[in-house]
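Undergrad: Here it is, the structure, as structure tokens.
Each reported figure results from applying straightforward, stated rules to the coordinates on display, with no laboratory input. Because the structure is a prediction, the values reported are computed rather than measured. Backbone-built Cβ (ideal geometry, glycine too); neighbour counts: all protein chains shown.
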Amino acid sequence: MFGAMDRGRARLWLAGIVLLVLGLYAPALGNGFVLDDTPIARATLPDGRPNPFVAELRPLGDYFAANYWEATGVGSPLYRPVTILHYALVHAVLVRGLGLDEAFAQHLPNLLLHALACLLVYRLLRAAGARRTPGVVGALLFGLHPIHHEVVAGIVGRAELLAFVPGALATLLLLRSRSTQWTRAGPRMALAALLLFVAFCAKESALGWLVVAPLMLGAVVGGEGLLRPWRGVLAPLRTRWLPLLATLCVPSLVFLALRASMLAGLEARDLPLQQIDWLQNPLAREPTTTRLATALSIQGFAAWKLAWPWPLLSDWQASVFPLITTPSDPRALAGAVLLALFLLVFLRFGPRRPDLRLGIGAFLAFGMPTANLLLPIGTPYAERLHYATVLLPVALVPLAASRFEVDRSLRVLRWPLAGWLVLAAVSIVLRNPQWRDEATLFPHDLAQQPRSVALRFFVADQAVARGALAEARVHLEEATRLAPDHAEPWLKLGDLERMQGRSTEAEACYRKGLDARWGRAGIDDAENALGLALVLLQQDRRAEARDALERMLVLQPAAIEPRLLLLELVTEVTPARRDVLCREGRARAPDLPYWDLARGELLAEAGRADEARAVWRRALPALEGLVRSARADPAAGQWELARAARFIARIQARPEPDAALRLALGNIAKD
């Protein structure tokens, strides 16, 4: 299995690996946009608006001034301008230029970049001292590792690929420069610095190359002991420390400065940073002891998934992993022991084994920043986060080759590895159609991951869309059982109950949501308060509804809906308060006619009938346009038509309108 291989055969094998990888993933080219693909990589946002950063190419500075979620109006600390720019370039060249299908065009670069990554892995292994055969086997293992499927088949996996490929190229350039005088190696090192900058701006986790690249540059030295051999690793730094330091530090400092400028821009625009919700990652909201203990156990799970990556699933967020409250828990201890063992092996054998430096160094450098040990991130675990950490099992191939080279007839490793690779190839083929669209992916993954709250939400939304309300109720009730302390499951279940006219059950859900410990900041409590108000209005409990609406306005001061509903509670809201609501509403949504309609009522109540009639007439064109638009969309416009009808009926019931005004209002109501 690990016998000699000449250069020509190695090239043929590598070409075969590229063709095999492209062939296995080719069916993914027919898939659509799934999960974050639509709000991030598609030219059209979920609400139908053009994505301003993808639909058209913008000035380069716009991309480097924007956060990852800028197109959706969210203030996010994620900074990936190169990735967003790449989506825009693909759309400009392949979609607008060549007329290719948008989904096909955005999937294609992922396949090509992954194939290129396989070749770079081979070069990294060779640079680490591997012979051609184990290098080829390692590249094959990397290319077929099923944990990569989310990165390759999901369009937003482009961030991982653009972080890996330039970083690996930069590392190889630095390795090519280590035996050359730095004055002659200057162009290579400058190109390496540029590639590192591109990788950092593709995804923040690419900063792990700042650890892996110097480790690969370390000299292979002999000797025993725990720390003494590492003196040899610093040899390149002593001979060319300044250019190497500049190559590594300059792009990282520029990246950090640009990211800091982006964050300052958010503050200047009064756009708050997006907070990590409990349902995204419970570890971000739990006490530090719980976060660290649970994260350690998940790190052990992550290491296991590198060896046995099945099943492949799209969600590993809330309720999937049990929270561990004490570091003495056996699962936390197992994760801690595993990390300590990796570190010990790294320190003990790494100086003499560049392959170990590459593998364990990659696992620690790329895995630790996303492990929720140093800082909490947006998810407890995700398969896409371990694209680069697959270098750990890949780097064990040269180690196994050198260990068993004395007995080339050994079959112990050949057949298990061959069986694993066949199973990996089959799983890629089977997984491709599951990522076709969300209607296919979510039910399939939920069957494998029944504890996922997010998947319950997705499947419930799909059930509501096709009218299967009983099915949606099952999933939402299970979501409230899985996450009883979070407001969002109660909100969704309350909305479903209200939709079916079960006001008592809906009220109970909304109240539980308002009492919940966790929730999306400023969203879930406000929406639960609005839902509760609507239920109370159905029950004619107007004073309680008023209190719920005022509570929502405290949580969301810019909200329009509670203002409109409060203006309809004429007898429960004082004229002074209604006047304030009219003024605030006009400032926030000047195109809506309701502010003038309510303002006219206030003037009429004050005995200023002429002024009231003038204000009402001023609102007629906008009211007519609003009603016409609502009638054009019967499904979405029913609520708006009902509100307009209530305002019209209330005004027509007053004595102040003259005959002409009554006729105009009546015509709008019946047209």
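Undergrad: Taking θ = phi - 60°, what integer Hz values does the Karplus form 6.51 cos²θ - 1.76 cosθ + 1.60 yield along region 133-150, in sequence order, with x for Gly and Pro?
TA: Values, residue by residue: 5, x, x, 5, 4, x, 5, 5, 4, 5, x, 9, 4, x, 5, 6, 4, 4 Hz.
Undergrad: Pop out the ³J(HN,Hα) list for region 27-42 in order, Karplus 6.51 cos²θ - 1.76 cosθ + 1.60 with θ = phi - 60°, rounded to Hz; leave Gly and Pro as x.
TA: For region 27-42, the Karplus-derived couplings read x, 5, 5, x, 7, x, 9, 10, 6, 6, 4, 5, x, 9, 9, 8 Hz, x marking Gly and Pro.
Undergrad: To continue, here is another question. Distances over 45 Å make up what percent of all Cα-Cα pairs in the chain?
TA: Working: 72083 of 224785 pairs.
Roughly 32 percent, once rounded to a whole number.
Undergrad: Moving on to the next point. Under 5 Å between amide H atoms, partner at least 5 residues away or on a different chain: which partners does THR44 have, H built in plane at 1.01 Å?
TA: Here the answer is ASN51, since their amide H atoms fall under 5 Å of that of THR44.
Undergrad: Moving to a separate point now. Measuring from label point to label point, each 7 Å out along Cα→Cβ, what is the ALA508 to GLN275 span in nm?
TA: Each label point is offset 7 Å from its Cα along the Cβ direction, giving 2.9 nm.
Undergrad: First measure r as the distance between the Cβ atoms of ALA649 and ALA589, then evaluate 1/(1 + (r/R0)^6) with R0 = 22 Å and state the FRET efficiency to the nearest 0.05. Write out the running numbers ahead of the final one.
TA: Values: r = 22 Å, r/R0 = 1.01.
Step by step, r from the Cβ atoms, then E = 0.50.
Undergrad: With axes computed from alpha carbons, what is the tilt in degrees of helix 469-482 against the longest principal axis of the chain, rounded to the nearest 10 within 0 to 90?
TA: Roughly 60 degrees between the two axes.
Undergrad: Suppose each label sits 7 Å from its Cα in the direction of the beta carbon; what would the ILE523-LEU98 distance come out to in nanometres?
TA: 3.7
Undergrad: Could you order the peptides 351-362, 204-215, 501-512 from most to least packed, using the average number of other C-beta atoms within 10 Å per residue?
TA: Details: 351-362: 24.4, 204-215: 22.4, 501-512: 18.2.
Result, highest mean first: 351-362, 204-215, 501-512.
Undergrad: Which of the peptides 261-270, 24-33 is most tightly packed, and how do the rest follow, judged by the mean count of other Cβ atoms within 10 Å per residue?
TA: Details: 261-270: 12.8, 24-33: 19.2.
Ranked from most to least packed, the peptides come out as 24-33, 261-270.
Undergrad: Please give, to one decimal in nm, the separation of the simple spin-label points placed at ARG176 and LEU413, each 7 Å out from Cα toward the Cβ.
TA: 2.9
Undergrad: Angle between the Cα long axis of helix 453-465 and the longest principal axis of the chain, 0 to 90 degrees, nearest 10?
TA: 50
Undergrad: If you don't mind, another one. At 0.36 nm per residue, minus the direct Cα-Cα distance, what do ARG466 and ARG631 gain on full extension? Give it in nm, one decimal, please.
TA: Values: separation 165, 0.36 × 165 = 59.40 nm, distance 2.26 nm.
Answer, rounded to one decimal: 57.1 nm.
Undergrad: Once you have the Cα-Cα distance between VAL337 and LEU108, take 0.36 nm times their residue separation minus that, and quote the gain in nm to one decimal. Don't jump to the answer; show the numbers that get you there.
TA: Numbers: separation 229, 0.36 × 229 = 82.44 nm, distance 4.10 nm.
So the extension gain works out to 78.3 nm.
Undergrad: Further, regarding this structure: If you stretched the chain out fully between THR288 and GLU477, how much longer would it get, using 0.36 nm times the residue separation minus the C-alpha to C-alpha distance? Each step should come with its number before you reach the end.
TA: Details: separation 189, 0.36 × 189 = 68.04 nm, distance 3.00 nm.
Additional length available on full extension: 65.0 nm.
Undergrad: Something else now. For the Cα atoms of the chain, what angle does the longest principal axis make with the long axis of helix 524-538, in degrees from 0 to 90, nearest 10?
TA: With rounding to tens, the tilt is 30 degrees.
Undergrad: While we're on this one: Mind giving me the FRET efficiency for VAL422 and LEU374? R0 is 45 Å, r the Cβ-Cβ distance, nearest 0.05 is fine.
TA: Working: r = 38 Å, r/R0 = 0.84.
FRET efficiency, VAL422 to LEU374: 0.75.
Undergrad: Then there is this: Given H placed 1.01 Å from N in the peptide plane, which residues other than close sequence neighbours of TRP518 have an amide H under 5 Å from its amide H?
TA: Under 5 Å from the amide H of TRP518 lie the amide H atoms of HIS486, ALA487, each far enough along the sequence or on another chain.
Undergrad: Here is a further query. Calculated FRET efficiency, ALA190 and GLU267, Cβ-Cβ r, R0 51 Å, to nearest 0.05? Working shown, then result.
TA: Working: r = 34 Å, r/R0 = 0.67.
Taking R0 as 51 Å, the efficiency between ALA190 and GLU267 is 0.90.
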